[in-house]
1. For the chain, find the longest principal axis of its Cα atoms and tell me its angle to the long axis of helix 36-55, 0 to 90°, nearest 10.
2. Given points 7 Å out from each Cα along the Cα-Cβ axis, report the Glu114 to Ala100 separation in nanometres with one decimal.
3. Considering only Phe121, Phe86, Phe77, give the residue with the highest GNM mean-square fluctuation for the chain, with springs between Cα atoms whenever their separation is below 10 Å.
4. For every other residue with a beta carbon closer than 15 angstrom to the beta carbon of Gly143, add +1 if it is Lys or Arg and -1 if Asp or Glu, then tell me the sum.
5. What is the extension gain from Lys175 to Tyr60, computed as 0.36 nm multiplied by their sequence separation minus the C-alpha to C-alpha distance, in nm to one decimal?
6. At 7 Å along Cα-to-Cβ for each site, give me the label-to-label distance between Gln164 and Phe31 in nm.
7. What order do you get for Tyr124, Tyr60, Tyr163 when you list them from fewest to most C-beta neighbours inside 10 Å?
8. Could you derive backbone 3J(HN,Hα) for the stretch 91-102 from the dihedral phi with the Karplus parameters 6.51, -1.76 and 1.60 (θ = phi - 60°), listing whole Hz in sequence and x where the residue is Gly or Pro?
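Just so it is clear, none of the values below were taken in a lab; they were calculated from the coordinates. Computed from a predicted structure; not experimentally measured. Neighbour counts run over all protein chains shown; Cβ positions are idealised from the backbone, glycine included.
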Amino acid sequence: MGDSTLHLPPDSTDEGAVARLLLAEGGTPSFPAYVEAVALLSMQLMKLVLYNRLNNHPEYYGARGAKNYADVIRGHFGAGNAGEQFAGFRNYPNIRKAVADNIQASIDLANATEDGRSAAFFTYVNNAIVVAGSEPIADPSPGLLDGWRTAGTGSPGSSSIDYQTLAGNTFFYRKQ
């Protein structure tokens with residue numbers, strides 16, 4: 001059957017950066033309301049947000065001069081962690097320890113075939129890898145999908161319009 005152990009793409013690649021961000025920001029199978037298809041769509045929307053930020057004024061998102069997804073993921077405003085666009089990723093590929101530990105926990109569970117949670121985590125991690133390496137989906141919002149926040153934490157700014165909440169994240173768009 002071959003080796004079915006999951007490994008993330010190298011952190012030096014855009015696919016590796018995106019996969020790690022999707023795992024850090026997504027709702028895992030540990031969440032009570034987890035639904036695989038919803039988590040997958042949430043990951044696809046996150047990838048779309050990264051694409052839209054890269055190709056539509058990355059400077060609006062603290063990523064002036066961004067040339068790839070990793071540059072967008074490192075985006076920040078000002079000093080310290082308060083201006084991070086994505087918690088723990090300001091110094092990517094060096095990810096804040098607590099965030100890196102959560103990512104690794106998902107990978108470990110995916111590869112722990114003796115654990116009853118393994119199959120769900122295998123699919124979750126594999127979906128992150130597949131989405132990271134795929135072209136973004138078409139933008140389903142009535143504008144430009146350009147952000148997400150943890151559900152219930154409010155809008156990221158006055159020009160952001162609530163689009164949809166999925167897998168613990170609320171996605172936002174702005175009018176074009």
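1. 40
2. 2.7
3. Phe77
4. With Lys, Arg at +1 and Asp, Glu at -1, the net is 0.
5. Extra length available between Lys175 and Tyr60 comes to 40.0 nm.
6. 1.4
7. Result, fewest neighbours first: Tyr60, Tyr163, Tyr124.
8. Listing the rounded values in order: 9, 3, x, 7, 9, 3, 3, 4, 6, 4, 5, 5 Hz.
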